[in-house]
Amino acid sequence: MQTEIAVLRFGLGARPGDLAAAAGDPRAWLMAQIRGAVELAGNTPLARSDQIFAEVQAARDYAQEMKRGAADAPAAAASAADAPTANAAAAPAAAAAFNPVRNAYLPHYRAQVLARAQSAALTARPFAERLVHFWTNHFAVSADKGAITGIAGTLENEAIRPHVCGRFIDLLTAVEQHPAMIAFLDNQNSVGKDSELAQLAASRQARRAFAHPGAEAPGKPPRQFGINENLAREILELHTLGVDGGYSQSDVTAFAEIITGWSVGGGKGRLAGGTPGRFYFRDNLHEPGAKTFLGKTYRENGLAQGEAVLADLARHPATAHFIATKLVRHFVSDDPPPAAVERVAKAFLKSGGDLPPVYAALIESPEAWDADARKFKTPEDFVFSTLRSLSISPSRPEEVLRSFDLLGQRQYTPGSPAGWPDTSKSWDGSDALMHRVLWASRVADRYEQGLEPVDVAASSLGAYARPETMTALRRATSGTQALALLLMSPEFQRR
Amino acid sequence: MHSFHSRFDRRRFLLGAGALAASAALPTVLFAHTGGSARLVVVILRGALDGLAAVPPYADPHYADLHRELAIAAPGSPKGALALNGSFGLHPSFAFLHERYLAGEVVVFHAVASPYRDRSHFDGQNVLENGLTRPLGTADGWLNRALAALPAGAGARSAGEHAVAISQNVPLILRGDAPVISKSPQATPDVDEDLLARLADLYSKDDWFSARLSEAVQTEKLSDEGSDAAPAMAAAGGAVKPAAADRIGGAARMAATLMHSEGGPEVAVIEASGWDTHANQGGAQGALAQRLAGLDGALRALAEDLGPLWPQTAVLVVTEFGRTAAMNGTRGTDHGTGGCAFLAGGAVRGGRVIADWPGLGRGALLDDRDLRPTLDLRSVFKTVLDEHMHVDARTLSTRVFPDSSGARPLQGLMRA
């Protein structure tokens, strides 16, 4: 069973030959995968986030121009940037043809989803690829938010893949400074109340009031500058310390002030500066001064003030414990055994957050090799393991988008910054099971030709395959039915 | 001088006597009484709805200053609130809810919160759903525990599932020992019956899978039957619009369909996300206004499709916590504490705002930032479960909501 556990639980499912490759030394097979950046397998070309940002910005400018030019034309374009849209991706015909902003970002979203599925289907480092998915879910952004639909997937490819087998601090910094994260959690316009920009605005207002005493300002009320604590709170609660990590509301507020100015380049007027679509520290938005966070004073140091906090968070015992708990939940069991969590957390602290020793501690945990402790697959697990088991690499984004739409896990749209839930209770509804049956029979219909279900069972499940399942496959009325039964068998549905 | 302050004295109950005139009522056919038991729909708004936008306390002297461009103006002003009782209004997106309020079918709660006092969505939702005072400590939800305690014969059916989650999976509020089904608005057509029979056989040694499969097969039958019975489904062609904003509308229609079916569930839970408005929240128009319009449309769809069942229905609309009293630096609001909730339906003794208003002035706010809660959501839950579902009081304060002696039930939320 050790081989099956390595390939099916730690990995993403077995392509023909995977079980044989891991059979000699399953632990060594895993250890060999956790060095170096984890590149995308497959051949779908992807644009970088700054290119996408520029394209979307151009489309937005164009849409605004159109709107100004024809005030009576349908006004959908400008507001589309904030509308929830990723769900329209599966049905491009439904997307308004005259919506230039959506037309600019949707192809990128679709390409990223396709590339992700291809990579999962083809990669020769499936354990490392699963770790990429784990961290993407840990540092969740959601393409549901229109402003980041086009760049949601770039966080995984640009911030996570390079660092997944590196140090946690580098991973953390890359993620929190990625434009998708900044924009998803609204930090780009978070402004210190004593920042240069706020001061300038206040003195202008004062001058105006002095020149026109008693006069009401026409139109909109003057912009009030202040912080937005969203990113700061989620870094603490979801990315590092965990909700019981010992911070208070005043720590959240202080941290939010510390990272004022963490923004994205581009923009106009006083918000000009930086390379469009790349991380940019806006000094003029930053709240000046020393700040106290978790009892420690951080001197004013611009961008470095926030980076110093991240460095301390990255080696905090609460962070080690929180990350260890999530890793053990993902690889061992919905209820993480404390001994395994302890072992992994210790490795985290001992290595100073170097991730390969953390993964090694996980591999060395006897709890992870218990053949009974098996996780119910998420829709993602189910789809990716099916692709690998049947040697399918999808070639069109629609196949992937429709699959995940049906199964209830649209890619890159966990909806909340907490990511997708990682326990079976969140995925095991009876309706969800029925959707899996439907999907399995469609896949079987489409891909049955040339496959021998009994052989697929052997190459994809190995010793996991139960005798009653093999009997059911042999008795099935058709190859299609047999394949659907295999995909829906309890042993295929767990990992 | 008739000052706003006098009306907003702390600790003063505001029980607005809304118009009970039936002029704005639904078509009379909807009031045909079919007998049978009470129906309960719980709508969970995930992400923390801004109660100060949904139910603007426009008469509070600090409201407009704090909420700034996100504030909703007083009734009568352009794009102003829909009037409730002289102190509070409804967001202008709530056309249907307001109509039902005027018809005496809606209670609006304000300055309300679960016992949770930190500001994590995920812990906040856990407390909202597990019925405890802390995020962890139980794997089941209060609504499931209440179902397990339903008096015998109270339901339309003597055995089987009383409740349905309108989603592929069951949310915490409905998890537990009492059997529950789940059904998403997305149809699962054409699953081959022979395949299902063989799967049932393949699952026979695995209780976990076989229980789910038989539930799923049962639910499919219910939704087939129910879609013949629900009046508006036919008119709408049963089509569920794909737009995200209308996903909640599709869920509402699915809930109504299932509740109509023979032996269908009496309790349904609907979830809607997207209320976490940290940036560019908008005011009378904008992002939140669109979401609220979607919610209002879903409530309308629910009422229309429930049709003859509406007079025996109560709909609870709740969220994990409120948002900051002051607008933040990005034209949105951050995580807060006190907020609003709604109880709507033909069985509700409504047309009232229940709010022990703490005020938004300095010193009144919780932690100098949030609306201070003065009513425990569990008080509302207890009252509805007692008066509407007839779960006995002792069970409510022990099994369903342990450690809830501080959350006393209200009285008279439901029509006799």
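What follows is calculated from the coordinates using simple rules that are stated; it is not laboratory data. Values in this document were obtained by computation on a predicted structure and should not be read as measured data. Methodologically, a virtual Cβ is constructed for each residue, glycine included, from the backbone with ideal geometry; neighbour enumeration extends over all protein chains shown.
For the range A:379-425 versus the range B:115-150, the inter-centroid distance based on Cα atoms is 29 Å.
List A:THR386, B:THR337 from most exposed to least, where exposure is judged by having the fewest other Cβ atoms within 10 Å.
Fewest to most other Cβ atoms nearby, the residues stand as A:THR386, B:THR337.
Could you compute the net charge surrounding A:LEU349? Neighbours are other residues with a C-beta less than 15 Å from the C-beta of A:LEU349; K and R count +1, D and E count -1. Around A:LEU349, the charge tally is +2. Can you list the lysines whose alpha carbon is less than 21 Å from that of B:LYS205, not counting same-chain residues fewer than 8 positions off? Output for B:LYS205: A:LYS375, A:LYS377, A:LYS425.
Taking other C-beta atoms within 10 Å as the exposure proxy, A:TYR464, A:TYR298, A:TYR62 rank A:TYR62, A:TYR298, A:TYR464 from fewest upward. Separation of the range B:53-88 from the range A:170-188 is 35 Å, based on Cα centroids. Cross-link partners for A:LYS193 among the lysines, with Cα-Cα distance under 17 Å and sequence neighbours closer than 8 places in the same chain left out: A:LYS291. Straight-line reach from A:LYS67: taking Cα to Cα under 20 Å and skipping same-chain neighbours fewer than 8 places apart, the lysines in range are A:LYS268.
Classify the range A:379-493 from the C-alpha gyration tensor, please: rounded if a/c falls under 1.5, else prolate or oblate depending on whether a/b exceeds b/c. It would help to have the intermediate numbers written out before the result.
On the way: a/c = 2.06, a/b = 1.55, b/c = 1.32.
Prolate, because a/c is 1.5 or more and a/b exceeds b/c.
Selection among B:THR374, B:GLY363, B:ALA344 by position relative to the dipole of the protein assembly as shown gives B:GLY363 as farthest towards the positive end (Cβ unit charges, Cα centre).
Order of A:GLU156, A:GLU4, A:GLU342 from fewest to most other C-beta atoms within 10 Å? Show your work: numbers first, answer last.
Numbers: A:GLU156 27, A:GLU4 23, A:GLU342 15.
Lowest count first: A:GLU342, A:GLU4, A:GLU156.
For the protein assembly as shown, the convex hull spanned by the alpha carbon atoms encloses 166 Å³ per residue. Taking every residue in B:163-174 and counting other chain Cβ atoms within 10 Å of its Cβ, the average works out to 4.
Only helices enter the 222 nm calculation for the protein assembly as shown: every DSSP H run of n ≥ 4 contributes -39,500 (n - 2.57), and dividing by all residues gives -12000 deg cm²/dmol, rounded to 500.
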